[in-house]
1. Residues that are not small (Gly, Ala, Ser): which strands (runs of 3 or more DSSP E) entirely in the stretch 504-560 hold 3 or more of them?
2. What are the residues in the stretch 303-357 that are assigned to a helix (DSSP H, G or I), over 23 Å from the mean Cα position of the chain (by Cα) and closer than 22 Å to Gln501 by Cβ, if any?
3. Scan the stretch 161-188 and report the pairs whose first residue is under 19 Å from Leu208 (Cβ atoms) and whose second residue is assigned to a helix (DSSP H, G or I) and aromatic (Phe, Trp, Tyr), with Cβ atoms within less than 7 Å and a gap of 6+ or a chain change.
4. Take the residues in the stretch 483-503 that are assigned to a loop (DSSP other than H, G, I, E, B) and among the hydrophobic types (A, V, I, L, M, F, W, C); name whichever of them is nearest to Ser467 (Cα to Cα).
5. Name every residue in the stretch 257-273 that is small (Gly, Ala, Ser) and assigned to a loop (DSSP other than H, G, I, E, B), in order of residue number.
6. Restricting to the stretch 84-137, and then to whatever is among the charged types (D, E, K, R), out of contact with any helix residue (DSSP H, G or I) (no Cβ under 6 Å at 6 or more places or on another chain) and at pLDDT 95 or above, can you tell me which residue is surrounded by the fewest Cβ atoms within 10 Å (Cβ to Cβ)?
7. Within the stretch 56-67, can one find any residue that is at positive phi and touching a strand residue (DSSP E or B) at 6+ places or on another chain (Cβ under 8 Å)?
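The values are calculated or read from the model by the stated rules, or taken from the named source; none is laboratory data. Please read these numbers as outputs of a predicted model, since none were measured by experiment. Positions of Cβ are generated from backbone atoms using ideal geometry, with glycine treated the same way; all protein chains shown enter the neighbour counts.
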Amino acid sequence: MTNRMLKPKRRACLYACLLCVAAPLRANPSSEPQAAIASAHPLATRAGFEILAKGGNVFDAAVAVSAALAVVEPSSSGLGGGGYWLLHRASDGFETMIDGREKAPYAAHQDMFRNRPNVSTDGALAAAIPGLPAGLAHLAERYGRLPLAVSLAPAIRHAENGFAVGHKFHKLLASRQPVIRRFPAASRIFLPKGKLPEPFSILRQPDLAETLKRIARSGRDGFYRGKVAEKLVDSVRATGGIWTETDLASYRIVERRPVKGEYRSIKITSAAPSSSGGIVLIEALNVLSGYDLQKADETARTHLIVEAMRRAYHDRALYLGDPDYVHLPVERLLDADYAAGLRSTIRFDKALPSAMLTGEPEQNAEAANTTHFSIIDRDGNRVAATLSINLPFGSGFVAAGTGVLLNDEMDDFASGPGTGNAFGLIGGAANAIQPGKRMLSSMTPTFLENERGVAVLGTPGGSRIISMVLLAALDYAEGHDPDSWVSLPRFHHQYLPDAIQFEPDALSRAELDALAAKGHRLTALTERYGDMQAALWNKKTRALSAGSDPRGEGLALVGP
């Protein structure tokens, strides 16, 4: 792919400030690298290596990274959110996806947000029952070597001692400041003395540290039962929410079989429903498998990728939801013959208007701010995890006395005809609100594997997550490494709105003119998007490499 115009930022000043409160890595710098970790924050990456140095495996490291991100990147994830952890164990080839997606409270109903602007995104009613604390406990108990308390220690330290606020944190907090100001407990933490914290100032979260300590002592019961649960429910209900202690006590992690596919001898393992990510990714790659994209010119290549995106996102809107509540035609959507049928409707000279595709799904929102990390060791054990709290800083609501910032994931359901958000992503009856149901997601933690090696990748980015992973998978197929995947210029199509969205300078003037001539509508974005974190293990040399998106403030490290 051309136009590789992004260059990594100069982060030395930021890292110096961030790492001043981090514990040093106790590792021999001359020893052979054993693992690669890429995450959206330097302290989270180093937390993973700290746990590896204490004898933990990649799954213990994943607990540490997840928990650290919950503290130092509250704009994107947290104990009040959820996510997916895709795992591979090298000793026996075992693979699973831990589904820690949030669930609707049992009192939720389809009309709860109808004609109530912003209620599905701001405040306690917007919050679904969190899954991240249960995911941490499950991951440690089932797959880790170390006690949960050991793996949570870096996160507890960062919550108690504080961390340096970065530019990204400051910018996102400023955008959600009006909402956060409405809720006293949140305002006290994130707007000390009523003001935005300056970049590089230290932010401390003592209540969150205490909540993490309870989880460290009691596992999932430290969050879903007892004092923390009581405080969560009391605060939520006092401000118009509908949580009960039964909602929390009954939350359970689900392990799901990842979805699998193949593209040009690359084995794809990706997120299963309740995420749409893996299905849409593989369906689009199945459509593209009928073309030699490397021989196509840039305009033809972009046109074909967009047409594959259009059809795969259309099926997402029509068919996908929580598999525990609705029947999903997974086998058909992943079938090569089905993809061939979709491919037969693609013309080289003309775009197909989305209005000509069948079905009338409803609009719903999708997370704009999420986080991802990737871990792999020299034996091939690996974790790809995408975690979310939905919009930046979630609902903006913190439950008093807990430090827990709650998600606004209820907005990810299809709440009614014609509703939508800035992303305009759509969904139908399969993703309607129901009590206890998981809302559909686009999170796409993914493994790619062929003779060359194993790639571990994923990204935040709301409805654009899947298209970003798709572009990275195509770049991997062309033989490129993680630094290339994470810095690619990006474009996107999601069926509706019927337009190609693209980053500044991602498409040349000649390409834009040629695509317009084929009938594509074009929407130039003013800012770059995504924060991809990726790692690669070379099977032949056993060498490790990693890349962190230059759009963000993350850190990719390879080390002992």
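1. 533-538, 555-559
2. Once the filter is applied, which keeps residues that are assigned to a helix (DSSP H, G or I), over 23 Å from the mean Cα position of the chain (by Cα) and closer than 22 Å to Gln501 by Cβ, the stretch 303-357 yields His303, Leu304, Glu307, Leu342, Ser354, Ala355, Met356.
3. Once the first residue is under 19 Å from Leu208 (Cβ atoms) and sits in the stretch 161-188, its partners that are assigned to a helix (DSSP H, G or I) and aromatic (Phe, Trp, Tyr) give Leu173/Phe190; Ile180/Phe190.
4. Checked the stretch 483-503; the qualifying residue nearest to Ser467 (Cα to Cα) is Leu488.
5. Scanning the stretch 257-273 gives Ser265, Ala271, Ala272.
6. The residue in question is Asp92.
7. Checking the stretch 56-67: not a single residue is at positive phi and touching a strand residue (DSSP E or B) at 6+ places or on another chain (Cβ under 8 Å).
Condition check ((1) surrounded by 24 or more Cβ atoms within 10 Å (Cβ to Cβ); (2) at pLDDT 75 or above) across all residues:
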position	(1), (2)
Gly359	no, no
Ala367	yes, no
Ile376	yes, yes
Ala385	yes, yes
Ala400	no, yes
Gly403	yes, yes
Met410	yes, yes
